[in-house]
Amino acid sequence: MALTLEIKKAGDITPKLTLNLSKPARFTVELYWDSPHDLDAHALAAINDGNGAKVTSLAQVLSTYNCKKTNSSGTLDSNADGSFSTPDGGVTHSGDARTGMDTDIDEVITIDGSKLPQGVNEIPIFVTIHPPKRYKFGDVKNAGIRIMNDMGQLIEEYILSKQFAEFDCIQMGSLLLGSSGWEYVPAGQGFNGDFTDILGFFS
């Protein structure tokens, strides 16, 4: 089953595309950069039954492309502060940063294991550049992404501008729920594509 989202934000003119630890632990994903490019952090509240992580509803897709405030075809409502969450509140995005010029940390995703619904056992995490297929991470100044646990300890960090300079999309890794709780499994897989390609693989 394919999910459909418009790969655009307010003001864009883009055609519609078809998109072929303990459980209460909290994690944060911090995306930062220092140039007037538009990077986006995305996460999926996925179910992995042994055949790979999958999402079957747009409610499981945490992306600026799926927020009504930044994309009229999106399904997720934004809060007064610009943040938005999956309906259960288990995965929250701080809101879309259109450039990296304003703050030290530009976009944050928070994962709260205590709020995730039964069955969700994998949270794949991605970064893309908007608009799709125009820039590479090597064009973006001081871009990086890090994942922190609820103790504020750094679990993983990638310097996108250097380590993935030739790509415009990266799967950072996934949070996986196992018998002993949540753990982070790094992927560090860069490719050239867009969020359409990501959802096509996970839906």
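The values are calculated or read from the model by the stated rules, or taken from the named source; none is laboratory data. The shown structure was predicted, so the numbers you read here are calculated from the model rather than taken from an experiment. Glycine also receives a Cβ, built like all others from the backbone with ideal geometry; neighbour counts cover every protein chain displayed.
Values for this structure:
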quantity: Looking only at the stretch 131-140, and only at residues there that are modelled with pLDDT under 95 and touching a Ser or Thr at 6+ places or on another chain (Cβ under 9 Å), the one that is surrounded by the most Cβ atoms within 10 Å (Cβ to Cβ); calculated: 132
quantity: Matching strands (runs of 3 or more DSSP E) fully within the stretch 113-202 where at least 2 residues are in contact with a helix residue (DSSP H, G or I) (Cβ under 6 Å, 6 or more places away or on another chain); calculated: 122-130
quantity: Members of the stretch 29-60 found to be assigned to a strand (DSSP E or B) and in contact with a Gly (Cβ under 6 Å, 6 or more places away or on another chain), listed by number; calculated: 32, 47
quantity: Where residue 123 falls short, out of the listed (1) among the β-branched types (Val, Ile, Thr); (2) out of contact with any Leu (no Cβ under 6 Å at 6 or more places or on another chain); (3) closer than 13 Å to residue 177 by Cβ; calculated: (2)
quantity: Options 27, 84; residue that is under 17 Å from the mean Cα position of the chain (by Cα) and at pLDDT below 95; calculated: 27
quantity: Only one of 165, 143 that is among the aliphatic types (A, V, I, L, M), surrounded by 14 or more Cβ atoms within 10 Å (Cβ to Cβ) and either over 20 Å from residue 194 (Cα atoms) or in contact with a Gly (Cβ under 6 Å, 6 or more places away or on another chain) (or both); calculated: 165
quantity: Any hit, the stretch 158-167, residues being within 19 Å of residue 36 (Cβ to Cβ), in contact with a strand residue (DSSP E or B) (Cβ under 9 Å, 6 or more places away or on another chain) and among the hydroxyl-bearing types (Ser, Thr, Tyr); calculated: yes
quantity: Among (1) at pLDDT 95 or above; (2) over 17 Å from residue 25 (Cβ atoms); (3) among the polar types (S, T, N, Q), the one test that residue 110 misses; calculated: (2)
quantity: Residue 89 being farther than 19 Å from residue 184 by Cα, under 16 Å from the mean Cα position of the chain (by Cα) and either of a type in the set (D, E, K, R) or in a loop (DSSP other than H, G, I, E, B) (or both); calculated: yes
quantity: Qualifying positions in the stretch 64-110 - surrounded by fewer than 18 Cβ atoms within 10 Å (Cβ to Cβ), among the charged types (D, E, K, R), farther than 22 Å from residue 196 by Cβ and touching a strand residue (DSSP E or B) at 6+ places or on another chain (Cβ under 8 Å); calculated: 77, 104
quantity: Flag if residue 121 is surrounded by 22 or more Cβ atoms within 10 Å (Cβ to Cβ) and not β-branched (Val, Ile, Thr); calculated: no
